[in-house]
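Supplied in structure tokens, the structure appears directly below.
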Amino acid sequence: MPKKLRGPRRAMAQSMANARDNVVGCTLFDDADLNDWHAEQDITSRILRAIAEGCGAEPGLNAWFDGEALTRRIFSHIDVAIAVDTPEGLIVPVVRNIGGRPVAELRRDVDKLKRNTHERTVSPEDLRDFTFMLSNFGMIAGRYATPVVVPPAVAILGCGRLSHDVVATQAGRSATTSSQPYPSGSIEAHLRMPLSLTFDHRCVTGGEAARFLAAVIRDLQKGN
């Protein structure tokens with residue numbers, strides 16, 4: 001017998017319907033090469049740090065947009081909503097002020113929010129007023145996606161399942177000889193993270209989104 005949606009599932013249905021009706025979504029796909037990462041790197045906190053770098057490069061993605069008034073508000077602080085999968089449905093707590101904070105401190109906040117979310121003790125204040133969104137669905141499965149922007153925010157980054165991909169690497173110029181005008185290379189297996197950035201094309205240009213994603217990738221590809 002059909003049952004009425006309640007709690008987080010009802011809220012998700014309403015939020016997704018609002019997004020469908022009020023956002024012009026466009027998604028960019030790319031990959032970050034994590035070959036230089038050390039074994040102890042924490043994935044979620046590194047992603048948050050990279051988002052802060054992206055917002056620094058293109059602040060227009062850390063914003064709210066009012067489609068009726070055609071106004072945009074760009075924020076100096078970066079509050080990232082992280083989608084958390086629970087048996088009751090999707091709950092999205094917010095990590096506050098991620099810019100410039102150590103990754104260990106970000107990890108502590110993420111762990112606390114996830115624990116409170118699963119225990120259903122997360123406060124209403126921790127679920128509102130986000131300026132950017134993150135869906136780290138790759139911790140379960142999936143490489144790429146088309147994440148949904150929830151207004152008034154204008155962007156969401158989806159991070160897919162890490163995998164070792166075969167990549168072509170280019171050797172240095174020292175490999176060039178008179179009989180070989182171009183540097184030789186090799187084939188290697190590198191750990192890579194698929195990225196899917198959805199943005200509201202009403203107020204974010206393709207160039208802005210691409211520069212944001214490029215900054216995210218540059219930070220993720222650092223060894224530490």
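A short reminder: the numbers here are calculations on the coordinates, not readings from a lab. Keep in mind the model is a prediction, meaning the values are calculated, not measured. For neighbour counting, all protein chains shown are included, and Cβ atoms are generated from backbone atoms with ideal geometry for every residue, glycine included.
Excluding the sites themselves, what is the longest stretch of the chain that contains no GluC sites (Glu not before Pro) in a DSSP loop with at most 15 other C-beta atoms within 10 Å?
120-224
If you don't mind, another one. Residue farthest toward the positive end of the dipole of the range 1-93, with Cβ of Lys/Arg at +1 and Asp/Glu at -1: which of Ile82, Met12, Leu70?
Of the candidates, Met12 comes out farthest on the positive side.
Given N residues in the range 81-139, what is Rg(Cα) / (2.2 N^0.38 Å)?
Output field value: 1.07.
Rounded to the nearest Å, what's the spacing between the alpha carbon centres of the range 39-115 and the range 131-156? Just the number, please.
11
Taking a ≥ b ≥ c as the square roots of the eigenvalues of the Cα gyration tensor of the range 1-114, is the shape rounded (a/c under 1.5), prolate (a/b larger than b/c) or oblate?
It comes out oblate by the Cα gyration axes.
Same structure again: Only residues of the range 185-200 count here: report those whose backbone N is under 11 Å from the spot 7 Å along Cα→Cβ of Gln41, or say none.
The answer is 191-193, whose backbone nitrogens lie closer than 11 Å to the label point.
What order do you get for Phe199, Phe75 when you list them from fewest to most C-beta neighbours inside 10 Å? It would help to have the intermediate numbers written out before the result.
Numbers: Phe199 30, Phe75 14.
Fewest-to-most ranking of Phe199, Phe75: Phe75, Phe199.
Who wins for biggest fluctuation among Pro59, Pro147, Pro87 in a Gaussian network model of the chain, springs between alpha carbons below 10 Å?
Comparing Pro59, Pro147, Pro87 in the GNM, the peak value goes to Pro87.
For Arg73 and Glu119, what does the FRET efficiency come to when R0 = 45 Å and r is the distance between their Cβ atoms, rounded to the nearest 0.05?
0.85
At 222 nm, what helix-only mean residue ellipticity would the chain give, in deg cm²/dmol to the nearest 500, using -39500 (n - 2.57) for each DSSP H run of four or more?
That comes out to -9000 deg cm²/dmol.
Considering all alpha-carbon pairs of the chain, what whole percent are spaced by more than 28 angstrom?
34
Extension gain Phe29-Ser186, at 0.36 nm per residue separation less the Cα-Cα distance, in nm?
Result for the pair: 54.0 nm of gain on full extension.
For Thr86, Thr169, Thr44, what ranking results if the residue with the fewest other Cβ atoms within 10 Å of its Cβ goes first?
Lowest to highest Cβ neighbour count: Thr169, Thr86, Thr44.
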